[in-house]
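Asker: Take this structure, written in structure tokens, and hold onto it; I'll ask about it next.
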Amino acid sequence: MSERDAPSTVPFRGGGFTTRPYRWVGFAVFALLLVFAEVGTRIGFISPLTLPRPSDVLGTFRDLYASGMLWTHLAPSLTRLCVGALLGAGAGIATGVLIGLFSYVRAGLSPVVAALFPIPKIALLPLFVIWFGIDEGSKYALIAFGTFTPTVVATYGAVDNVDRTLIRMGQSFGLSWISIVRKIVLPGAMPGILSGLRISLAIAIILLVAAEMLGAEHGIGAYILEAGALFDLERLFAGVVILSLLGVLLSFSIGLLERRVLRWRS
Amino acid sequence: MDIRLDAIGHSYGDVEVMRDISLDIPSGKIVCLVGPSGCGKSTLLRFIGGLEKPTTGQVLQMGAPSEDCLNPLTYVFQDFALLPWRTVRGNVSLVLEDHPMSSTRRESIVDDVLSRTRLTDFGAALPKQLSGGMKQRVAIARALAVRPAVMLMDEPLSALDSQTRELLMDDLIALWTRTPFTAVYVTHNLAEAVRLGHVVVVLSRRPGQIREILHLDKPLEERGFGDPDLDRQQRHLWTLMRDEARAADAELLDV
């Protein structure tokens, strides 16, 4: 038998292109970045003017916690975030469902939403101050308005994507309109609504800082802006870390909610 | 309750898809509609159930459905149309929830149809856990729950593999033998038509017209896999349809 005819194993070429969960890699990258910043600032190849030392930021954070100021800043910010996001996302889901269900509402409102979407909401803050006052009103309004548009777009997209065969099934069994909406359309749109909510809530956190630019004494945003104005990088970073943690927490809780509500998905 | 189709015709814009279809669907019989693809058999079924309106002609209900019938014209769909977020029980009870009845009554109906379709042990399962055949059993159970006067079955076995199809055909025959029901059964599979149909209606290619109506007198429970009588009938149907099927296959889709 010549060499050409000798049996050889078929080479495996089906690997790759699938994602696998490697949780620890994320933490390792974080730790690596922190260690790099810490070592860099200590040795001196990163000037302390360009980046604060991570251990100093941690110290600032500890002071903030020990003095009780952390809660003083966090409480009003969380209230603004909750009220604003709740109003915005609630109105957004309701409007999105109406646009998804009624052709007239769609024809009337979807251009309006398209026109509102690209407006940088921060630019409207002075307007909101005139409309809703310099107190909490304008802050709620800014956050609500900012979460409203992405929620509307995600929701009516989700309603559009509900399997039409299921709706036809509901009609063929003589289900009432309200039953079809409640038992078929809304649960079917839920995955899309939740993934839209992920984006909306991240936007709410971004807008929190903007909302606290005007007329806020306390709040994480106010704290960051004040530190920024003074070029106090340790406090700036401490504030940013709090916002970042808040974002991770929110995204994690939506993940939990998705796992609970969307257990039926494979 | 009988169904009468009275000179049904339909066009989409200038394209005539159906012409002058008149047909009686007698109660207690299974009427199979076969025809080449694009002949409008599924559309015809949607007319019968009132999900679409024909351009001309009308669908008539002859007589009233029986008192305890909750949804006279009930579909079984090719793609099962089960709600993925509801369990098997939940999917069946969905169609009962809009009707006023006590919850014990509802539960007992669900229990009854699940046991008739041999699904009692799967009540708590979600659709994603079930095989295609099981999903279609759930859909059949759901249809039985509303006690339909006429079952409108739109290629109910076409999404299943051939072994599962055999099993489900046996199940349907057993269900019909226990309590005869009226059904309009749309299929492109001639073997299904001759196994399940008391009447087989052959439609021509677009515009769909009735080409032949075949009456099969052999009782359903005596028809088995590979029955020579049925094979003969099936061959006859195929000779009727072959040229049309070929022409339909070569047609460009423009609708």
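Asker: Tally Lys/Arg at +1 and Asp/Glu at -1 over every other residue whose Cβ is under 13 Å from the Cβ of B:Gln233; what's the total?
Answerer: Charge balance in the 13 Å sphere: -1.
Asker: Compute the separation of the alpha-carbon centres of region B:180-255 and region A:1-74 and state it in Å as a whole number.
Answerer: 65
Asker: Explain nothing, just the number: dipole magnitude of region A:87-228 about its Cα centre with +1 on each Lys and Arg Cβ and -1 on each Asp and Glu Cβ, in debye rounded to the nearest 20. Don't jump to the answer; show the numbers that get you there.
Answerer: Details: 8 positive and 7 negative charges, 155 e Å.
With Lys and Arg at +1 and Asp and Glu at -1, about 740 debye.
Asker: Right, next: Report the local net charge at A:Leu87: Lys and Arg +1, Asp and Glu -1, summed over other residues whose C-beta lies under 15 Å from its C-beta. Walk me through the numbers before you get to the answer.
Answerer: Values: positive: A:Arg80, A:Lys121, A:Lys139; negative: A:Glu136.
Result for the local shell: +2.
Asker: In degrees between 0 and 90, to the nearest 10, how far off the longest principal axis of chain B does helix B:162-178 point, with axes built from Cα atoms?
Answerer: 70
Asker: Related question: Through the Karplus equation 6.51 cos²θ - 1.76 cosθ + 1.60, θ set to phi - 60°, convert the phi angles of region B:111-120 into ³J(HN,Hα) values in whole Hz; use x for Gly and Pro.
Answerer: Running phi through 6.51 cos²θ - 1.76 cosθ + 1.60 with θ = phi - 60° gives 4, 4, 5, 5, 6, 5, 9, 6, 10, 3 Hz.
Asker: State whether region B:29-96 is rounded, prolate or oblate according to the following rule on the C-alpha gyration tensor (a ≥ b ≥ c being the square roots of its eigenvalues): a/c under 1.5 gives rounded; otherwise a/b larger than b/c gives prolate, and the remaining case gives oblate.
Answerer: The shape class here is oblate.
Asker: Would you work out the charge dipole size for the protein assembly as shown about its Cα centre, treating the Cβ of every Lys and Arg as +1 and the Cβ of every Asp and Glu as -1, and quote it to the nearest 20 debye? It would help to have the intermediate numbers written out before the result.
Answerer: Numbers: 50 positive and 50 negative charges, 143 e Å.
Approximately 680 debye in magnitude.
Asker: With the dipole of the protein assembly as shown worked out from charges on the C-beta (+1 for Lys and Arg, -1 for Asp and Glu) around the Cα centre, which of B:Tyr185, A:Leu201, B:Gly9 lies farthest toward the positive end?
Answerer: A:Leu201
Asker: Could you pull out every residue, at least 5 positions away or on a different chain, whose amide H is within less than 5 Å of the one on B:Arg211? Hs are placed 1.01 Å off N in the peptide plane, and Pro or chain starts have none.
Answerer: B:Val202, B:Leu203, B:Ser204
Asker: Counting DSSP beta bridges with both partners in the protein assembly as shown, what percentage is antiparallel, nearest 5?
Answerer: Bridges in the protein assembly as shown that DSSP calls antiparallel: roughly 50 percent.
Asker: In a GNM of chain A with a 10 Å cut-off on Cα contacts, which of A:Met169, A:Met190, A:Met213 has the highest mean-square fluctuation?
Answerer: Most flexible of the set in this elastic network: A:Met169.
Asker: Order of B:Phe80, A:Phe231 from fewest to most other C-beta atoms within 10 Å?
Answerer: A:Phe231, B:Phe80
Asker: Taking each residue of A:181-187 in turn, how many C-beta atoms of other protein chains fall within 10 Å of its C-beta, and what is the average?
Answerer: Mean shielding by partner chains, rounded to a whole number: 2.
Asker: Rank B:Leu82, B:Leu203, B:Leu167 by mean-square fluctuation in a GNM of chain B with C-alpha springs under 10 angstrom and give only the top-ranked residue.
Answerer: B:Leu167
Asker: Each residue of region A:8-20 in turn: what ³J(HN,Hα) in whole Hz from Karplus with 6.51, -1.76, 1.60 and θ = phi - 60°, glycine and Pro shown as x?
Answerer: Computed from phi, the couplings for region A:8-20 are 9, 5, 5, x, 7, 9, x, x, x, 6, 10, 8, 10 Hz.
Asker: With runs of 4+ DSSP H residues as the only contributors, calculate the mean residue ellipticity of chain A at 222 nm using -39,500 (n - 2.57) per run, divided by the residue total and rounded to the nearest 500.
Answerer: Mean residue ellipticity, 222 nm, calculated: -24000 deg cm²/dmol.
Asker: With springs connecting C-alpha atoms under 10 Å apart, model chain B as a Gaussian network and identify which of B:Ala174, B:Ala139, B:Ala193 has the largest mean-square fluctuation.
Answerer: B:Ala174
Asker: Shifting gears a bit: Given the Cα atoms of the protein assembly as shown, and with Rh set as the inverse mean 1/r over their pairs in the Kirkwood sense, what is Rg to Rh to two decimals?
Answerer: 1.14
Asker: Out of A:Gly255, A:Ile134, A:Leu124, whose Cα points farthest toward the positive end of the dipole of region A:59-265 (charges: +1 Lys, Arg; -1 Asp, Glu; placed on Cβ)?
Answerer: A:Gly255
Asker: To one decimal place, what orientation-averaged projected area in nm² is obtained for the convex hull of the Cα set of chain B? Don't skip to the end; give the middle numbers.
Answerer: On the way: hull surface 56.6 nm².
For chain B, the mean projected area of the Cα convex hull comes to 14.2 nm².
Asker: What Rg and what Dmax come out for region B:91-159 when only alpha-carbon atoms are used, in angstroms?
Answerer: 12.2, 37
Asker: Only Cα pairs under 8 Å and at least 6 apart count here; give the relative contact order of region A:59-265 as a rounded whole percent. Let's see the in-between values first.
Answerer: Numbers: 233 pairs, mean separation 54.4, N = 207.
Here the relative contact order equals 26 percent.
Asker: Once phi is turned into θ = phi - 60°, what whole-Hz ³J(HN,Hα) does the Karplus curve with 6.51, -1.76 and 1.60 give for every residue of region A:110-117, x standing for Gly and Pro?
Answerer: For region A:110-117, the Karplus-derived couplings read 5, x, 4, 5, 4, 6, 7, 4 Hz, x marking Gly and Pro.
Asker: Let me ask something else about it. Cα-Cα pairs above 24 Å in region A:59-265: how many percent?
Answerer: Values: 10468 of 21321 pairs.
Result: 49 percent of Cα pairs exceed 24 Å.
Asker: Would you compute, from DSSP H runs of 4+ residues alone, the mean residue ellipticity of chain B at 222 nm, taking -39500 (n - 2.57) per run and dividing by the full residue count, rounded to the nearest 500?
Answerer: Estimated from H runs of four or more residues: -11000 deg cm²/dmol.
Asker: Using amide H atoms built in the peptide plane, which far-off residues or other-chain residues are under 5 Å from B:Leu33 H to H?
Answerer: Under 5 Å from the amide H of B:Leu33 lie the amide H atoms of B:Tyr185, B:Val186, B:Thr187, B:Val201, each far enough along the sequence or on another chain.
Asker: Among B:Arg205, B:Arg232, which comes first, then next, by fewest other beta-carbon atoms within 10 Å? Numbers along the way, then the final one.
Answerer: Working: B:Arg205 22, B:Arg232 11.
With the fewest neighbours first, B:Arg205, B:Arg232 line up as B:Arg232, B:Arg205.
Asker: Let me ask something additional. Quick check on the exposure proxy: order B:Glu155, B:Glu251, B:Glu222 from fewest to most C-beta atoms within 10 angstrom.
Answerer: B:Glu222, B:Glu251, B:Glu155
Asker: In Å and whole numbers, how far do the C-alpha atoms of region A:1-76 stretch along each principal axis, longest first?
Answerer: 84, 36, 16
Asker: Based on DSSP, what percent of beta bridges with both residues in chain B are antiparallel, to the nearest 5?
Answerer: Approximately 50 percent, going by the DSSP bridge assignments.
Asker: Follow-up. According to the square roots a ≥ b ≥ c of the eigenvalues of the Cα gyration tensor, what is the shape class of region B:127-196, taking rounded for a/c under 1.5, prolate for a/b larger than b/c otherwise, and oblate for the remainder?
Answerer: oblate
Every number here is computed from the coordinates shown, using simple stated rules; none is lab data. Fair warning: this is a prediction, and the values are worked out from it, not measured in the lab. With ideal geometry, Cβ positions are generated from the backbone for all residues, glycine too; neighbour counts draw on all protein chains shown.
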